[in-house]
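Please read the structure below before turning to the comments.
Since every read-out is calculated from the coordinates, none of them should be taken as a lab result. Worth saying up front: this structure is predicted, and the values here are computed from it rather than measured. Note that we place each Cβ from the backbone using ideal geometry, even for glycine, and neighbour counts take in every protein chain shown.
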Amino acid sequence: MVGYGALENFSSEADLCGSNKSEHVVHTVRGYVRSATLLILSAAAAVLLCVAFSSVVRSSGGGMQLESPVPKGEIASQQLAGGNTMVYLGNGCFWARQYALVRVEQHSPAFRDRDDAHVTALAGYAGATALGPQGLVCYHGGPPGTLYETLGDCEVVQVALDKGAEVVQFKALLHSFFGSFVRNAAVMLRPDPQDAGGAYRSAIGIPGGVDGPLMPLIRDSNVDGMQLLAGKGGEEDQVNLVWIYDCGKFAFHRAEEYHQFHKGPSALKTTQQALARINPTGCPEKGNWR
């Protein structure tokens, strides 16, 4: 079995799914300055990165703590700059999966019972490489060519694993994920089989995919013997099967603000809004697109 010690050797942007990190910054900025010039966009991104890397982060007991107060909107960037590993999981509607993973973050000793300001579970789309016009990946009602399921993506939830606590935290997420499937005869079904099609397929995204250092944890947590296959992008939904993606190649795209924390709690969403974690992505918010 691959040694879990390899988790400490993440060093490149791809290892940490770094393409996702820059995408969060670009999408956040785009929501506010879509009509701005390239110069302004580049300057804004540079400021965000500078602030994130200048903040001091220390690890304590497997959980991330901040040495000094962090201005609104900068905690997420600081977490990423601190070396956190990003993963995503999905099996059906991302509203329910987000609610479940938020509970893991807030009620699991593995995550040191993260408070509302440090929850990282965000709903989004992943599982393909295609992008819509202006790089957008949107829900139904977005501009032509941006619909996530048409692009080959499915609904997932991304969570940040603290540096040094990847194993225990990812195991906690996997316990929730695999525990949500329902046995029907010899197969395991998603908890919402009424949501059909590739947009709701079961998927896990980790650095390196099936060849990555987190893959042994997935195999160990797969107690019901579901099939685990490497995702190539745009797969269909199949019973008793989980697609495993390299999140460095199949990037996560944060969903619109109205999708975030749809099942609550409302106080958490209010906090995340105040911290600018779920700003507009450039896709229209519900009811805004004509």
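Okay, here's what the table says:
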quantity: J(HN,Hα) series, the stretch 158-163, from Karplus relation 6.51 cos²θ - 1.76 cosθ + 1.60, nearest Hz, glycine and proline x; calculated: 9, 9, 8, 9, 5, 4
quantity: Inter-label distance, nm, simple model (7 Å from Cα along the C-beta direction), Lys171/Leu228; calculated: 1.4 nm
quantity: For Tyr258, net neighbour charge (Lys/Arg +1, Asp/Glu -1) across residues whose Cβ lies under 9 Å away; calculated: -2
quantity: For the stretch 114-120, Karplus couplings with θ = phi - 60° (6.51, -1.76, 1.60), whole Hz, Gly/Pro x; calculated: 3, 7, 4, 6, 10, 5, 10
quantity: 5 angstrom amide H check on Ala230, placed H, neighbours 5+ away; calculated: Ile244
quantity: Net charge over other residues, Cβ less than 12 angstrom from the Cβ of Cys154 (K, R count +1; D, E count -1); calculated: -4
quantity: Debye, to nearest 20: dipole size of the stretch 231-290, +1 on Lys, Arg Cβ, -1 on Asp, Glu Cβ; calculated: 260 debye
quantity: GluC sites (Glu not before Pro) within the stretch 205-290: DSSP coil, no more than 16 neighbouring Cβ in 10 Å; calculated: Glu236, Glu285
quantity: Rounded FRET efficiency, nearest 0.05, which uses the C-beta distance separating Val182 from Tyr258 and R0 of 30 Å; calculated: 0.60
quantity: Residue-by-residue Karplus 3J(HN,Hα) for the stretch 242-258, coefficients 6.51, -1.76, 1.60, Hz, glycine and proline x; calculated: 10, 7, 10, 10, 7, 5, x, 9, 10, 5, 8, 10, 4, 7, 4, 4, 5
quantity: Long-range HN-HN contacts of Ser202 with modeled amide H, under 5 Å; calculated: Gln238, Trp243
